[in-house]
Amino acid sequence: MDRQRLVFEIDKLPEAGMKLERVIEGELFDIEGEDVSLNESVKLKGELKKVRRDVLFSASIETVATVCCSRCLQATPQSVRCMVKAQFKPKAEDIQSDSEIELSSEDCEIEYFEGDVISLVDVVRDGILLSFPAMVLCQENCQGLCPQCGANLNLNSCSCGMDAVVDPRFEKLKQLKEKLK
Ligand SMILES: [Zn+2]
Ligand SMILES: [Zn+2]
């Protein structure tokens, strides 16, 4: 089971830390929404380091997700390359620990764990989700959807834009009305 390959018993982690290399099925991360889905495998390369009861995790993540284009909503493959850093802290001990170890930097997530195992699933998942740019485009010059009829303007043009051009028959009527005033 892939989930087990991202779960570690703290007591079994070597003091010197351990290198980590995994290829995990994307489905494990349960990213399955309208806007984003992840079905490709996720490559993870990094390390785990034990500092007393804390565990530091850092890794580079590589995968390909499917994201909706921000303009035309077309499903678009989006390559993901990001760094994930997390500091796992034991939940119970955290409160009374007077010698708080501050190893975390700003871009490091703090995760609390209970018991003797940590799971990297959530931090990797968060890292992937946070890596997407605010705007994803299927192509650089995506034409988007027509705001009136919803047609995908990359695939077909619609006639909504024509409204700006005044129908000559109406134009005559308008002139007539103006004369009658
Ligand atoms: Zn698009
Ligand atoms: Zn239209």
**Prompt:** Which members of the range 32-66 meet the condition of being under 15 Å from the mean Cα position of the chain (by Cα) and on the phi > 0 side of the Ramachandran plot?
**Reply:** none
**Pair list, Cβ under 7 Å, 6 or more apart: the range 127-145 residue farther than 18 Å from V36 by Cβ and touching a residue at least 12 places away in the same chain (Cβ under 8 Å), other residue within 16 Å of ligand 2 (Cβ to nearest atom) and small (G, A, S)** = L145/A151
**Prompt:** How many residues are more than 16 Å from ligand 2 (Cβ to nearest atom) and either part of a helix (DSSP H, G or I) or modelled with pLDDT of 90 or more (or both) if we restrict to the range 156-181?
**Reply:** 13
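Look through L120, L153, L130, L145 and report the one residue that is over 18 Å from L13 (Cβ atoms), modelled with pLDDT of 90 or more and more than 16 Å from ligand 2 (Cβ to nearest atom).
L130 is the lone residue from the list that is over 18 Å from L13 (Cβ atoms), modelled with pLDDT of 90 or more and more than 16 Å from ligand 2 (Cβ to nearest atom).
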**Request:** Working only within the range 67-77, note down all residues that are surrounded by fewer than 19 Cβ atoms within 10 Å (Cβ to Cβ) and part of a strand (DSSP E or B).
**Result:** C68, A75, T76, P77
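How about the range 112-141: which of its residues are over 21 Å from the mean Cα position of the chain (by Cα) and within 16 Å of ligand 1 (Cβ to nearest atom)?
Passing the criteria: only N141.
The values are calculated or read from the model by the stated rules, or taken from the named source; none is laboratory data. Here the structure is a predicted model, which means the values were calculated and not measured. Positions of Cβ are backbone-derived with ideal geometry, glycine not excepted, and every protein chain shown enters the neighbour counts.
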